[in-house]
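The structure under discussion appears below in the form of structure tokens.
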Amino acid sequence: MADGEEDLPRDAKIIKTLLKSMGVDHYEPRVVHQFLELWYRYVVDVLTDAQVYSEHAGKSTIDSDDVKLAIQSKVNFSFSQPPPREVLLELARIRNKIPLPKSINTPGMALPPEADTLISPNYQLVISKKRTSEAIEETEEEEDGSDSRTDPSQEQSDITQNIGQRVSFPLGPKRSR
């Protein structure tokens, strides 16, 4: 064995042996730690589920049937099978009924409209204006209930002054389903 391998835990040695048996000779040392973490997390999840199944059945200890059931439920809910070929063919037939858009005869490469591209902007920015010290003082007065103003036009200008400026970008086209 190599110099540092005798210090490794038994599980780490097993991971290294598995990697070597699969023909993996070069890997970062933390790969072993990542496999160990995945392994331990999986075992803890399976045993926790097995304990729940055992308690539900009114048993005081976990038996092999509980563990098998827990593993089977993990497999059923973690890994999904692709749909049958017939379903995929039917979906393809439905999708292919929709004709492609007519190409535009322009020089160069024909590109889709910008709204249909993945790189078109699809976000909004809110740019807030800084509040003045007068607006902060008025807000504090309103919170205290000691606001003595009666001019509604002054209140409206303060409200519009404190609202942030909204900058919008298109979110993409509305697509019918």
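In table form, for the structure just shown:
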{"item": "E28 exposed (fewer than 10 other Cβ atoms within 10 Å of the Cβ) and assigned to a helix (DSSP H, G or I)", "result": "no"}
{"item": "Region 19-33: number of residues that are under 32 Å from the mean Cα position of the chain (by Cα) and either farther than 18 Å from L8 by Cα or at pLDDT 90 or above (or both)", "result": "10"}
{"item": "Pair list, Cβ under 6 Å, 6 or more apart: region 58-70 residue without any contact (Cβ under 8 Å) to a residue 24 or more places away in the chain, other residue assigned to a helix (DSSP H, G or I) and surrounded by fewer than 17 Cβ atoms within 10 Å (Cβ to Cβ)", "result": "I62/Q51"}
{"item": "Number of the condition not met by N96 [criteria: (1) at pLDDT 90 or above; (2) under 30 Å from V43 (Cβ atoms)]", "result": "(2)"}
{"item": "Cβ-Cβ under 9 Å pairs, at least 6 apart or on other chains, region 5-19 side farther than 13 Å from P29 by Cα and assigned by TED's automatic domain parsing to the domain that holds V32, far side part of a helix (DSSP H, G or I) and among the hydroxyl-bearing types (S, T, Y)", "result": "D11/Y40"}
{"item": "Qualifying residue in region 46-57 (condition: under 19 Å from D11 (Cβ atoms), part of a helix (DSSP H, G or I) and at pLDDT 90 or above)", "result": "yes"}
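The values are calculated or read from the model by the stated rules, or taken from the named source; none is laboratory data. What you see is a predicted model; the values in this text were computed from it and never measured. Positions of Cβ are generated from backbone atoms using ideal geometry, with glycine treated the same way; all protein chains shown enter the neighbour counts.
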